[in-house]
Amino acid sequence: MQAFAYAKPASLADAARAAGADGAKLIAGGQSLLAAMKLGLAAPEALVDLAGVAGLHDITVSGAVVKVGAMCTHAAVAAHAGLAAAIPALADLAGKIGDRQVRNRGTIGGSLANNDPAACYTAAVLGLGATIHTDRRSIAADDFFTGLYETALADGEVITAVSFPVPEKAGWQKFKQPASRFAIVGVFVSRGSQGVRVAVTGAGACVFRAKGLEAKLASNWSAAALAGATVSADGLNTDLHGSAEYRAALIPVLAGRAVAA
């Protein structure tokens, strides 16, 4: 890796100010950024470490909303008793990300900002209709994920927390690549105040909602409602792990299993 400057601010204002400098890059858990730097795919002139910023590590459960600080690790999300009681599927998802080392270093905010096409949290955020809070504004999940590794975040904008509405029902299923444990296809389903939502990760360039499956489940919330359902393979990924057609076939199967779970 090339040489770079390093800053560890203690306040959100200082972090945002440092992140706004030319060539600066925010770092949370570093599970994606450091690997990219080692491979020469990223070469920031400065890293702004969010680990010391106060107020980004809290998880609160208040009424019908679970709020997770951006610097909460996957392990912290999985282990939080109040969160697990309110949204069991979210705790289950967090507890199955990567391996133990990744779960104890990776963060929800870093995962969302990176927006890997096979990330798990993106499906939970979109599938629950969550809201992403930053140092500047609040962004609905439907508006946040914009493309391959792209989000609605502006340069230097810092994710501070994610608010999840507590659903009536929710489930998560992932068909994982056994080495990386990323999702070849992952499906998060929920039913609640925002209606029925089905979010798919791993299958396309970016997490997306399966509207056809949502319509079927809105009429009949059961795995049986998805029997024989199909999803178009147009625009889905084809790689050494599976074709677009294979991924399309997996989506309704995993959605049905998520509903059953």
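The values are calculated or read from the model by the stated rules, or taken from the named source; none is laboratory data. The model shown is predicted, which means the values in this text are computed figures rather than measured ones. Every residue, glycine among them, receives a Cβ derived from its backbone with ideal geometry; neighbour counts consider all protein chains shown.
All of 48, 66 fail the test of being in a strand (DSSP E or B) and in the same structural domain as residue 11 (by TED's automatic domain parsing), apart from 48. Within the range 170-195, residues that are basic (Lys, Arg) reach partners that are surrounded by 24 or more Cβ atoms within 10 Å (Cβ to Cβ) and modelled with pLDDT of 95 or more with beta carbons closer than 6 Å, at six or more positions or on different chains, in the pairs 174/186. Give the residue that is nearest to residue 106 (Cα to Cα), with candidates limited to residues of the range 40-75 that are surrounded by fewer than 20 Cβ atoms within 10 Å (Cβ to Cβ) and under 15 Å from the mean Cα position of the chain (by Cα). Among those residues, the one meeting the criterion is 75. Across the range 1-15, the qualifying residues are those that are at pLDDT 90 or above and small (Gly, Ala, Ser), and the one among them that is surrounded by the most Cβ atoms within 10 Å (Cβ to Cβ) is 15. Only one of the numbered conditions (1) over 25 Å from residue 65 (Cβ atoms); (2) in contact with a Pro (Cβ under 6 Å, 6 or more places away or on another chain) is not met by residue 192, and that is (1). When the range 21-34 is filtered for residues that are more than 24 Å from the chain's Cα centre (by Cα) and touching a residue at least 24 places away in the same chain (Cβ under 8 Å), only 21 remains.
Is there a residue being free of Cβ contacts under 8 Å to residues at least 24 places away in the same chain and farther than 26 Å from residue 150 by Cβ anywhere in the range 102-110? No - not one qualifying residue is present in the range 102-110. Taken as a whole, the structure places residue 217 among residues that are in the same structural domain as residue 255 (by TED's automatic domain parsing), over 15 Å from residue 126 (Cα atoms) and assigned to a helix (DSSP H, G or I). In the range 26-39, which residues are surrounded by 12 or more Cβ atoms within 10 Å (Cβ to Cβ) and at pLDDT below 90? Selection gives 30, 31, 32, 33, 34, 36, 37.
For the range 246-261, the condition holds for at least one residue, the condition being that it is in contact with a Phe, Trp or Tyr (Cβ under 9 Å, 6 or more places away or on another chain), β-branched (Val, Ile, Thr), assigned to a helix (DSSP H, G or I) and within 15 Å of residue 123 (Cβ to Cβ). Scanning the range 120-138 for residues that are assigned to a loop (DSSP other than H, G, I, E, B) and crowded, with 24+ Cβ neighbours inside 10 Å yields 120, 130.
The C-beta contact set for the range 49-63 (first residue more than 10 Å from residue 9 (Cβ to Cβ), second residue in a strand (DSSP E or B) and among the hydrophobic types (A, V, I, L, M, F, W, C), distance under 7 angstrom, 6+ apart or interchain) comprises 59/68.
Here residue 234 meets each of (1) in a loop (DSSP other than H, G, I, E, B); (2) touching a residue at least 12 places away in the same chain (Cβ under 8 Å) with one exception, condition (2). When 225, 179, 203 are checked against the criterion of being out of contact with any helix residue (DSSP H, G or I) (no Cβ under 8 Å at 6 or more places or on another chain) and aliphatic (A, V, I, L, M), a single residue qualifies: 179. The residue of the range 76-102 that is surrounded by the fewest Cβ atoms within 10 Å (Cβ to Cβ), among those that are not acidic (Asp, Glu) and not in a helix (DSSP H, G or I), is 95.
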